[in-house]
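The values are calculated or read from the model by the stated rules, or taken from the named source; none is laboratory data. Please read all numbers here as calculations on a predicted model, not as lab measurements. Counting neighbours? That spans all protein chains shown, and the Cβs are built from the backbone with ideal geometry, glycine included. Only protein heavy atoms, including side chains, enter the accessible area calculation; ligands, DNA and RNA are left aside. Shrake-Rupley method; radii C 1.70, N 1.55, O 1.52, S 1.80 Å.
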Amino acid sequence: MIHTTFTVGRLRCHAIEAGRQWLDGGAMFGVVPRVLWERRIPPDARHRIPLALRCLLVEHGDGLVLIDTGIGNKEDERFRDIYGVENAGAGGRTRLEDALAALGHRPEDVRWVINTHLHFDHAGGNTWRDGSGRVAAAFPNARYAVQRGELDFARRTNERTAASYRAHNFDALAFQLLDGEREPLPGIRCLPTAGHVPFHQSVLVESGGERCCFLGDLVPTSAHLPLPWIMGYDLEPLVTLESRRRLYARAEAEGWLLCFEHDPVVALGRLGRDGKGFGLVEPRRVG
Ligand SMILES: [Zn+2]
């Protein structure tokens, strides 16, 4: 199964499996002890855990909207081995394009690409390398949108942030830059959720009184729902904590559906109480 279809009010949405990556389990769970996290997502012999590269496609009245783009096809074998990338698709492209085709769409049909942030596992598929080796926009008729601060941050890396930002994923694109909470098209609302990076955003799809939030790296998997289960990758973990607290209050009050970008098993679910803390209810598993 390469996509999970659901509706938000009048909008048809598809959680798309654009492939997988395998990342260090300890890094994914930060200060959470391994004896706790390994029960939730068991690691392999190299201490890595499988992670989805899930994107969200919304069939919107103004055209197809794609949120995040996976890793793309431009990285070399060494990179693909380190990060355990499994995303190859038909015709030298990726499983993202395969899933689009299965839904009856071509890359040219996508009108909007919105990035939660520009890390390679979220924006890698923004561009693609064609048969001649040229790098071009993967969705040539789309308007690309990201927070202004994030593009700035991605262009001015330091020793700690450089490995996650690869210029070929964003340098040649003309972005529509967002400043804070914005609704670039009706019912698609970008919510600043800082912490993982300073200008990270989550994307809220709203229609007919229903809401689904694509969380990005604010809560990468359903196992990360407890407030302090924050990734070691987060640059400002205490800011992540407060971003989550704010978003959870709204998600709980308004009964939001939540879409997890990296959960290897659960594509969607709702926020529930798990004793004193938060957990998942109504999980919708992939396949
Ligand atoms: Zn990520």
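Some notes on this structure:
- Positions within the stretch 84-96 being more than 19 Å from residue 51 (Cα to Cα) and either buried (at least 19 other Cβ atoms within 10 Å of the Cβ) or acidic (Asp, Glu) (or both), in sequence order: 93
The rows are residues; the columns are (1) surrounded by 19 or more Cβ atoms within 10 Å (Cβ to Cβ); (2) outside any strand (DSSP E or B); (3) not hydroxyl-bearing (Ser, Thr, Tyr).
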position	(1), (2), (3)
6	no, no, yes
13	yes, no, yes
18	yes, no, yes
21	yes, no, yes
45	no, yes, yes
64	yes, no, yes
69	yes, yes, no
101	no, yes, yes
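- Close Cβ contacts (under 7 Å, 6 or more residues apart or on different chains) running from residues in the stretch 141-158 that are part of a helix (DSSP H, G or I) to residues that are of a type in the set (Val, Ile, Thr) and open to solvent by less than 80 Å² (accessible area, probe 1.4 Å) comprise 150/197; 153/197.
- Screening the stretch 233-246 for residues that are open to solvent by 10 Å² or more (accessible area, probe 1.4 Å) and in a helix (DSSP H, G or I) and picking the one that is nearest to the ligand (Cβ to nearest atom) gives 237.
- Residues located in the stretch 109-137, provided they are closer than 12 Å to residue 66 by Cα and either away from the ligand (no atom under 16 Å from the Cβ) or assigned to a strand (DSSP E or B) (or both): 109, 110, 111, 112, 113, 114
- Residues in the stretch 174-200 that are assigned to a loop (DSSP other than H, G, I, E, B) and away from the ligand (no atom under 16 Å from the Cβ): 174, 179, 180, 181, 186, 187.
- Number of the exception - residue 253 against (1) more than 18 Å from residue 182 (Cα to Cα); (2) touching a residue at least 12 places away in the same chain (Cβ under 8 Å); (3) assigned to a helix (DSSP H, G or I): (2)
- Neighbours by Cβ (under 7 Å, 6+ apart or cross-chain): first from the stretch 84-113, among the hydroxyl-bearing types (Ser, Thr, Tyr); second part of a helix (DSSP H, G or I) and open to solvent by less than 70 Å² (accessible area, probe 1.4 Å): 94/125
- Summed over the stretch 273-287, the residues that are without any contact (Cβ under 8 Å) to a residue 60 or more places away in the chain, surrounded by 13 or more Cβ atoms within 10 Å (Cβ to Cβ) and either touching a Phe, Trp or Tyr at 6+ places or on another chain (Cβ under 7 Å) or β-branched (Val, Ile, Thr) (or both) give a count of 1.
Residue by residue, here is whether (1) over 16 Å from the mean Cα position of the chain (by Cα); (2) of a type in the set (A, V, I, L, M, F, W, C) holds:
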| site | (1), (2) |
| --- | --- |
| 144 | no, no |
| 149 | yes, no |
| 156 | yes, no |
| 160 | yes, no |
| 168 | yes, no |
| 175 | yes, yes |
| 183 | yes, no |
| 192 | no, no |
| 201 | no, no |
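- Qualifying residue in the stretch 159-173 (condition: surrounded by fewer than 21 Cβ atoms within 10 Å (Cβ to Cβ), out of contact with any Lys or Arg (no Cβ under 6 Å at 6 or more places or on another chain) and more than 30 Å from residue 78 (Cβ to Cβ)): no
- A count restricted to the stretch 189-201 and to residues that are under 26 Å from residue 37 (Cβ atoms) and surrounded by fewer than 24 Cβ atoms within 10 Å (Cβ to Cβ) stands at 3.
- Taking the criterion of being acidic (Asp, Glu) and either in contact with a Lys or Arg (Cβ under 8 Å, 6 or more places away or on another chain) or not in a helix (DSSP H, G or I) (or both), the only residue of the stretch 79-98 that qualifies is 86.
- Members of the stretch 205-232 found to be small (Gly, Ala, Ser) and either within 16 Å of the ligand (Cβ to nearest atom) or under 17 Å from residue 192 (Cβ atoms) (or both), listed by number: 216, 222, 223, 232
- Among residues of the stretch 34-59 that are under 23 Å from residue 188 (Cα atoms) and touching a residue at least 12 places away in the same chain (Cβ under 8 Å), those with a Cβ under 7 angstrom from a residue that is in a helix (DSSP H, G or I) and within 16 Å of the ligand (Cβ to nearest atom), sequence gap 6+ or separate chain, pair up as 53/121; 55/96.
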